[in-house]
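Structure, as structure tokens:
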Amino acid sequence: MIGCIQMKGQNLSVKSSMTMLATTTLNAEIAMPVSKSLSVHVPVLYNPWVFKQNSRIQQLTAMPGVRYWKQQYGVNYFCSAYLIASRYHMGGWLDKKYRYDGVGFGAGIGGGYSYVLTDHWNLDFEIGVGAVYVDYDKCAWQKNSRFYENVKGIRLAVTKLDVSFIYFF
């Protein structure tokens, strides 16, 4: 019993990030506990869309990781560690100068809070930062446009900024 809320032995959860859906990115995460305070998470993000004037946030990304829960799986504060693997093609959203077509691999750490709504539903908040090795081509943002350069290197960035709904089975 935690406060007035009793968690009933959830073994599996499915999550979707509203933050990612706001960018038209389809996403789902499956998670399961491996102990009272440790859980394994496997999120996948996919965005196939190309919008008017060749604007896009196309990606296929996986971010498997673990969470350590302060109290117990699915309740209150947690810290996380995760890997990142992504194939992306982005451009035309924040500026109309460039588009970026490449891959990224890295790792991140984060933290957050999971607010219990009912026996089966939670509202989850998470922020994370990470180091990502990128290898991408930088081109002008229009279709079939000028190639500028190939960029390779490690970037430090915010890698998670999520508000999500979780369903526990």
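The values are calculated or read from the model by the stated rules, or taken from the named source; none is laboratory data. Predicted model only: the values in this text are computed from it and were never measured. Cβ coordinates were reconstructed from backbone atoms using ideal geometry, including for glycine residues, and neighbour counts include every protein chain displayed. Just so you know, the surface numbers come from the protein's heavy atoms only, side chains and all, with ligands and any DNA or RNA stripped out. Shrake-Rupley method; radii C 1.70, N 1.55, O 1.52, S 1.80 Å.
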Out of the stretch 110-134, which residues are touching a Phe, Trp or Tyr at 6+ places or on another chain (Cβ under 9 Å) and farther than 19 Å from K15 by Cα?
G130, V132, Y133, V134
Only listed residue being free of Cβ contacts under 8 Å to residues at least 60 places away in the same chain, basic (K, R) and exposed (fewer than 14 other Cβ atoms within 10 Å of the Cβ), chosen from K152, K138, K143
K152
For D101, which of the numbered conditions (1) open to solvent by less than 40 Å² (accessible area, probe 1.4 Å); (2) in contact with a His (Cβ under 6 Å, 6 or more places away or on another chain) fails to hold?
(1)
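Just wondering, is there one or more residues in the stretch 7-29 that are over 22 Å from Y167 (Cα atoms), modelled with pLDDT of 95 or more and open to solvent by 20 Å² or more (accessible area, probe 1.4 Å)? Reasoning before the result, please.
Of all residues in the stretch 7-29, those over 22 Å from Y167 (Cα atoms) come to none.
No, because not a single residue in the stretch 7-29 is over 22 Å from Y167 (Cα atoms), modelled with pLDDT of 95 or more and open to solvent by 20 Å² or more (accessible area, probe 1.4 Å).
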Condition first: of a type in the set (A, V, I, L, M, F, W, C) and at pLDDT below 95. Can you find one or more residues in the stretch 98-109 that meet it?
no
When residues of the stretch 32-54 are limited to those that are under 19 Å from the mean Cα position of the chain (by Cα) and of a type in the set (F, W, Y), the one modelled with the highest pLDDT:
Y46
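Output the residues belonging to the stretch 24-57 that are touching a strand residue (DSSP E or B) at 6+ places or on another chain (Cβ under 8 Å), among the hydroxyl-bearing types (S, T, Y) and either in a strand (DSSP E or B) or within 28 Å of Y68 (Cα to Cα) (or both).
So in the stretch 24-57, the residues touching a strand residue (DSSP E or B) at 6+ places or on another chain (Cβ under 8 Å) come out as 24-34, 36-50, 54-57.
If we keep only those that are among the hydroxyl-bearing types (S, T, Y) as well, we get 24-25, 37, 39, 46, 55.
Correct list: T25, S37, S39, Y46.
Consider L94 carefully, then state whether it is loosely packed, with under 14 Cβ neighbours inside 10 Å and modelled with pLDDT of 95 or more. It would help to see each step written out before you state the result.
Values: loosely packed, with under 14 Cβ neighbours inside 10 Å: yes; modelled with pLDDT of 95 or more: no.
No: the conditions fail for L94.
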Failed condition for N54, given (1) at positive phi; (2) free of Cβ contacts under 8 Å to residues at least 60 places away in the same chain:
(2)
Is there a residue in the stretch 62-70 that is more than 16 Å from the chain's Cα centre (by Cα), open to solvent by less than 70 Å² (accessible area, probe 1.4 Å), of a type in the set (V, I, T) and more than 30 Å from W141 (Cα to Cα)?
no
